[in-house]
Amino acid sequence: MKPLQTFHIDGLTHEAKGVARLGGKVVFIDGALPGEAVSAQITKTGRHFDEAKLSEVIEPSQYRIDPSCQHFSECGGCSFQHLSWQEQVSAKSTWLKGQLRNVVSDDEDMHILADKGEGYRRRARIAIDYKSGGLGFRGKASKEIISIEQCVVLTEPLQAVFSSLKAALSNDELVRSLGHIELLEDSKGVSVLFRLTSVIADSLTTQWQNWAKSEEIVLYWQAPKESKACVELEDMRYYDLDNMRFNYHPQDFIQVNTMMNQKMVAQAIEWLNPTQEDVILDLFCGVGNFSLPLAKRGSIRDWC
């Protein structure tokens, strides 16, 4: 076991790892922030860089804050809750500028679209801890399931249904037949999808359909060995954007942040300033999130 050493952090990666140097070699330290002096232990040595485990923050950054989530230290869902929101936005602006350094000058102002750091996520895939019957997410750099009590980045309706679902599944036989659970909120409301790993009794299906009815949500079932849930046309999901309605299957990809999605589409329209004479190709259109607002302005010719 290597001894603890003191490191001075001078950078931050997009994975929330502090960047230090030891003898000219880069050392990545998870949880450390720029400007900090920390005590850490080298855990992995590579040819070009080392990795270290944070032991103590000796001199904290002025931007270090207490994480709002009680599970932050072990859950792998979030990486930056120990850094103030404004500094998170600033860091991401710096990373983006670095990626675009060949096309964007250093003195060019780069405005990053941002909304809020909590209560925004309208979609989540929930893992199941079969040992305890708990619900949660994968741990940090681990396949272990971390059972959680709440998730502060979910929208309030999803937080509410998660709490209800957690209580209803406690000691319920359905747990043994679940692969994972998907939560979703859109303009149609809230839905839950159960991915089954084995066939269940009709009585269990009825029990959970009654639960969904009591929660005023829609419940979908993905049968064992099926790639997607079988959904009737009238049961498809939808979200509203740019005075249009976008219909989609509950397992189709959509942007997880409603407000940011609206801002992104508006920004794209402003930058492109499309006219009917323009020819715009959307080569990865999905449900038409960008294509349809542009097509409404007469400027899309092809999408796929």
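Does Ile254 satisfy the condition of being β-branched (Val, Ile, Thr) and assigned to a strand (DSSP E or B)?
No; evaluated as a whole, the condition is false for this residue.
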Check: Going through segment 103-132 one residue at a time, which ones are modelled with pLDDT under 75 and under 27 Å from Ala266 (Cβ atoms)?
Finding: Val104, Ser105, Asp107, Glu108, Asp109, Met110
Check: Can you list the strands (runs of 3 or more DSSP E) found entirely within segment 1-118 that contain at least 2 residues being among the hydroxyl-bearing types (Ser, Thr, Tyr) and touching a strand residue (DSSP E or B) at 6+ places or on another chain (Cβ under 9 Å)?
Finding: 37-45
Checklist line | Selection from segment 134-157 of residues that are at pLDDT below 90 and in contact with a Ser or Thr (Cβ under 6 Å, 6 or more places away or on another chain) | finding: Gly134
Check: Does segment 271-285 contain at least one residue that is closer than 20 Å to Leu113 by Cβ, aromatic (Phe, Trp, Tyr) and assigned to a helix (DSSP H, G or I)?
Finding: yes
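Rundown of residues vs (1) surrounded by fewer than 18 Cβ atoms within 10 Å (Cβ to Cβ); (2) of a type in the set (Gly, Ala, Ser); (3) farther than 23 Å from Asp252 by Cα, yes/no style:
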position	(1), (2), (3)
Lys131	yes, no, yes
Gly136	no, yes, no
Ile148	no, no, yes
Phe162	no, no, no
His180	yes, no, no
Leu183	no, no, no
Notebook entry, point to check: Restricting attention to segment 200-218, and to residues there that are under 30 Å from the mean Cα position of the chain (by Cα), of a type outside the set (Phe, Trp, Tyr) and under 18 Å from Arg176 (Cα atoms), which single residue is surrounded by the fewest Cβ atoms within 10 Å (Cβ to Cβ)?
Noted result: Gln209
Next item on the list: Give me a count of the residues in segment 60-72 that are out of contact with any Gly (no Cβ under 8 Å at 6 or more places or on another chain), surrounded by fewer than 18 Cβ atoms within 10 Å (Cβ to Cβ) and without any contact (Cβ under 8 Å) to a residue 40 or more places away in the chain.
Entry: 5
Check: Could you list, in sequence order, the residues of segment 219-228 that are of a type outside the set (Lys, Arg) and closer than 13 Å to Gly179 by Cα?
Finding: Trp221, Gln222, Ala223, Pro224, Glu226, Ser227
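The values are calculated or read from the model by the stated rules, or taken from the named source; none is laboratory data. Remember, predicted model here, so these are calculated numbers, not experimental data. All Cβ positions, even for glycine, are placed from backbone atoms using ideal geometry, and neighbour counts span all protein chains on display.
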